[in-house]
Structures are given as structure tokens and as C-alpha cells.
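**Q** I have a structure here, written as C-alpha cells, and I will follow up with some questions on it.
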Amino acid sequence: MTAPVNARPSYNPFSQAATEAVSAQAEHVAATRQSKPWGQEVIFADGSHGYVGKLITVMAGQSLSLQLHQRKDETISVVSGEVLFESGPSADDLESTTMLPGDTVHVPPTAVHRITAVTDVLLVEVSTAGPGWREDIERLADVYGREGTSAP
């Protein structure tokens, strides 16, 4: 197949890597399921490739910890359901936002945040995956008795 006559060169920064990776093989991996007191997480990207990907199910009326991360940078998107998202610079200075399917929020390191499910909710989260990412959680408040821990 020949390139179109008026084709312009690609400026995609990944094009060289893509060319070099032509012989690479896809890797099928098993997602891990982690039960939580508020629902569950399915970790489909475990950080071994530089990022973490999770599907998070939160049952109606349940809340994740009021928390922050020192290094972890997250982006969370609502797939289904309705959540109340609280965030701010400190536990005493939080803003509340209702999020619906398609709504997305970026949570930078050290931002205090909490998710409360108004209805059963499915979220997708992608985040950075530096060393110790699983323990990079500071729980400021937790209705399940996990305050001050990094326990699941």
C-alpha cells in the first residue's frame, strides 16, 4: 500500500516508539479484585507499566475515606450513578460537587478529597504509579475504622 500523494509527515511524538514496537506482543493480564467496606476495586493496570487503572464500585450511601495522597495524581470519571465529590486544600475547607455519568475530576497530590455514592456508582480511576503507590494514602476520616492507616 502506498501513502496518499498529499500525505504529510506525522508529528506524533510516539511514532518512533510505535514503529520500534511493531513486533511487540500484547500482554493479557488478570485484573485483581479488592473488596472494600464501601464496595470494591478492580485493578486492571497495576502500576507495572507506569500507571494504575481501577474500576471502582461504591454502593449507595457509602463513602470512601476523607483522604489525600502525597505523590499520587488521580483522574476519576463517573461511568454510572451519582456521587457527591468533596475536595479542598484541607479537611476544614471542602467544596462539594455532584458528579454524574461523564463527569471527570483531576485530583492533584495533597488535595483532600472524598467520594460519597448517592446511588450505586461505577467510577474509573487512572493514576500515577510511583514506588509505594498503594501506601500513598493519608486517611483523615473514615467511617469504617481505617483512619490513620493505608489498609484496604
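Nothing in this text is a laboratory measurement; each read-out follows from the coordinates by a stated rule. No experiment lies behind these values; they were computed from the predicted model shown. Here the Cβ positions follow ideal geometry from the backbone for every residue, glycine too, while neighbour counts run over all protein chains shown.
**Q** Give or take rounding to whole Å, what are the principal axis extents of the alpha carbon atoms in region 29-141, in descending order?
**A** 35, 27, 25
**Q** Placing +1 on the Cβ of each Lys and Arg and -1 on the Cβ of each Asp and Glu in region 29-141, which of GLY132, ALA30, VAL121 has its Cα farthest towards the positive end of the resulting dipole?
**A** ALA30
**Q** Turning to a different aspect of this structure: So how do 106-113, 29-36, 141-148, 66-73 stack up, highest first, on mean other-Cβ count within 10 Å?
**A** So the order, starting with the most tightly packed, is 66-73, 106-113, 141-148, 29-36.
**Q** Taking a spot 7 Å from the Cα of SER77 along the direction of its beta carbon, which residues of region 95-111 have an amide N less than 19 Å from it?
**A** Only 98-108 fall inside the zone, counting backbone N under 19 Å.
**Q** Name the residues whose placed amide hydrogens come within less than 5 Å of the amide hydrogen of VAL107, ignoring near sequence neighbours (fewer than 5 apart) on the same chain.
**A** Amide H neighbours of VAL107, under 5 Å, 5+ apart: GLU74, THR75, ILE76.
**Q** Ok, one more. Given SER96, VAL79, ILE56, which one lies farthest toward the positive end of the charge dipole of region 29-141, if we put +1 on the Cβ of every Lys and Arg and -1 on the Cβ of every Asp and Glu?
**A** Checking the options against the dipole of region 29-141, the answer is ILE56.
**Q** Hey, another quick one. Counting Lys and Arg as +1 and Asp and Glu as -1, each charge on the Cβ, what is the dipole of region 29-141 about the Cα centre in debye, to the nearest 20?
**A** Approximately 380 debye in magnitude.
**Q** Determine ³J(HN,Hα), in whole Hz, for all residues of region 134-150 in sequence, where each value follows from phi through the Karplus function 6.51 cos²θ - 1.76 cosθ + 1.60 and θ = phi - 60°; x replaces Gly and Pro.
**A** Calculated HN-Hα couplings, in order: 5, 9, 7, 9, 10, 7, 8, 7, 7, 6, 9, x, 9, 3, x, 10, 10 Hz.
**Q** Can you give the Rg to Rh ratio of region 92-152, both from alpha-carbon atoms, with Rh computed by the Kirkwood formula?
**A** 0.94
**Q** Using unit Cβ charges (K, R positive; D, E negative) and no other charged atoms, how large, in debye to the nearest 20, is the dipole of region 31-93 about its Cα centre?
**A** Roughly 320 debye, rounded to the nearest 20.
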